[in-house]
Amino acid sequence: MSHSKNPFKRPVILLVDDEPGTIAALAEILKIEGYDVCFAGSGEEALTVYAEKSPNIVLMDMRMPGIDGLEASRRLRAKYGENSAPILLMSGDSNALTNNKHFPVGVVDFLAKPFRARDALIHIRAHLSNHLYALSQQALAAESARCNDAKNKFIGRCVHDLSSPLSSIRGLAEFLKDPATGPLNPAQSEIIASIHETSQAMLELVNELLDIAAIEAGDVHLSLRPISLREIAAKSSKLANLISSRKGTRIELLSSGADPVLPLDPARIRQVVENLLSNAVKFSPPGSVVTISIDQDESAKNGQSARLSVHDQGPGIPDAERRKLFQDFGRLSTVPTGGEKSTGLGLSICRRIIAAHGGELTALNSPNGGCVFSFTVPIPKCN
C-alpha cells in the first residue's frame, strides 16, 4: 500500500515522544521555521496520527512504553512501503543510537537528546529536502505519464479517422488506373499515378503512427504461437523479391542448419523482417544482393537466442548519426538509391516489436561494406 502526499503543500512533521517537555521544545523550533507540527505520545498513537496527517518526516523517540520507536518504524515501513516518510530516531542514550546496527528500513538518521536547535534543524532540513524532492519527481513522472497517455490516445483517434478516407482515395486512384474504366490521356494518367503514390505514402505513415500510438499505449497484445523463424523469413523474402526486382536487386535466404521454432507473433515478426528487407533494398544500389541469415546467439545474457540478420550493400550508418537510428522520425543523411520515400518510423516500430518479444534489434556496419541489421529472440528453455 502506498501513502501519497502532495509535495507542494506546507511540510508536516510528526513528533513522537512520551516526554511532553521534549515535544514542546522541539515543536516551538519547528513552528518558527514554518512547519506544520502534529504530535503523538506513543508508538501506537504515532501509527494513527501518521494515517490521519500524512507527515513528510517523523521524529520519533527510540524508547517508549508499549510499541517503541524501532517497532513503530518497522510497522510504518511495512504499511506504506517506499513512500513512507523518512524517520529520525531520538534517544537520550547516545550509545544506543551509535551502536545499533539494525535500524529498520526507513530510519535515515538519529538525534541524540538533549539536542541543540541548530543541529536538529540541519538534520531535519536535509532529510526533508531529499524526501520532498523525491515526491516532486514522482508527481512529475505521474503527470508526464498521464499526458503521454492522453497524447497517444489523441494521435490514435486522429490517425484512425484519416485511415478510411486515405484508403478510399487510393482505391479510387487504382480504379481509375484500370483500363476497364476507359482510356486516359498521358496527363491524366500522370495525375492519377501521382494521387495513387501520394495516398499510398500517406496511408503507410498513418498505419505506422497507429502502430506507434498503440504500442506506447500498451494496446498491442502479441498472438504467440510456435513457428519456424525460417518459415517467416522465406515468406517475407519471397514478397520482398517481387518488389526489389524493379531495382534489379535480389534477396537471398542463406541456407544453414538453424531453423528454430519459437513462440512468436508471426504477423508482427514478419512486419519486422519485411521492414528490414525494405530498408536494405532501399539503401542498396540497384543490382545489389541482400542476404538473410539465421543462426543462434550463444552469448545472449538470458540463455540462447535465435538471431535473424539482414545484410545490405548500402553505405552503412554514419557513426555520428547512430543515436538517431531507432528514434521516432529518425532520418539519417544517407538517402535511398531509388528515390524511395521514408517516414523514419519503421525501425522505431521494429525495435518495440522485438522488445515485446523479449529480444533486441541492433545494427552494425560490416567490415566488408554495407550494414547488418539483426534481431534476437530468446529460445525457451526445455523443462
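Just so you know, all these numbers are worked out from the coordinates, no wet-lab data involved. Quick caveat, the model's predicted, so the values are computed rather than measured. In this analysis, Cβ positions are derived from the backbone assuming ideal geometry, glycine residues included, and neighbour counts consider all displayed protein chains.
Round to the nearest 10 and give me the degree value, 0 to 90, for the angle of helix 69-80's Cα axis relative to the longest principal axis of the chain.
Orientation of helix 69-80: about 30 degrees from the principal axis.
Return the single residue from LYS282, LYS153, LYS238 with maximal mean-square fluctuation; model: Gaussian network over the chain, springs between Cα atoms under 10 Å.
LYS238
Between ALA267 and ARG10, what is the spin-label point distance in nm, taking each point 7 Å from the Cα along the Cα→C-beta axis?
Using points 7 Å along Cα→Cβ, the separation is 5.8 nm.
If you rank LEU59, LEU210 by fewest surrounding Cβ atoms within 10 Å, what's the result?
LEU210, LEU59
Cα axis of helix 346-356 to longest principal axis of the chain: angle in degrees, 0 to 90, nearest 10?
The helix 346-356 is inclined about 50 degrees to the chain.
Here are some pairs, LYS177/LYS247; LYS53/LYS151; LYS31/LYS53; which of them have Cα atoms lying more than 25 Å apart in this structure?
Violating the 25 Å Cα-Cα cut-off are LYS53/LYS151.
If r is the Cβ-Cβ distance from ALA25 to ALA51 and R0 is 30 Å, what FRET efficiency results, to the nearest 0.05?
The computed FRET efficiency comes out at 0.70.
Could you pull out every one of the aspartates and glutamates with an alpha carbon less than 15 Å from that of LYS113, ignoring same-chain neighbours closer than 8 positions?
Straight-distance partners of LYS113: ASP17, ASP18, GLU19, ASP61, ASP93.
Under the rule of -39500 (n - 2.57) per DSSP H run of 4 or more residues, summed and divided by the residues of the chain, what mean residue ellipticity at 222 nm is obtained, to the nearest 500 deg cm²/dmol?
It lands at -16000 deg cm²/dmol.
Treating the angle as unsigned and between 0 and 90°, give the value, to the nearest 10°, between the Cα long axis of helix 117-177 and the longest Cα principal axis of the chain.
So the inclination is approximately 20 degrees.
By how many nm would the segment from THR362 to ASP178 lengthen if fully extended, with 0.36 nm per residue of separation less the alpha-carbon distance?
Taking 0.36 nm per residue and subtracting the Cα distance, the gain is 62.0 nm.
For ALA193 and ASP36 in the same chain, what is the full-extension length gain: residue separation times 0.36 nm, less their Cα-Cα distance, in nm?
So the extension gain works out to 49.2 nm.
Counting other beta carbons within 10 Å of each Cβ, put TYR35, TYR50 in order, fewest first.
Ranked by crowding around the Cβ, least crowded first: TYR35, TYR50.
Report which label in (i) -0.36, -0.70; (ii) -0.48, -0.83; (iii) -0.67, -0.85 holds the value of log10 I(q)/I(0) by the Debye sum over Cα atoms at q = 0.08, 0.11 Å⁻¹ derived from the coordinates of this structure.
Answer by label: (iii).
Going by average Cβ density within 10 Å per residue, which order do the peptides 270-278, 38-46 take, highest to lowest?
Averaged packing, sorted descending, gives the order 270-278, 38-46.
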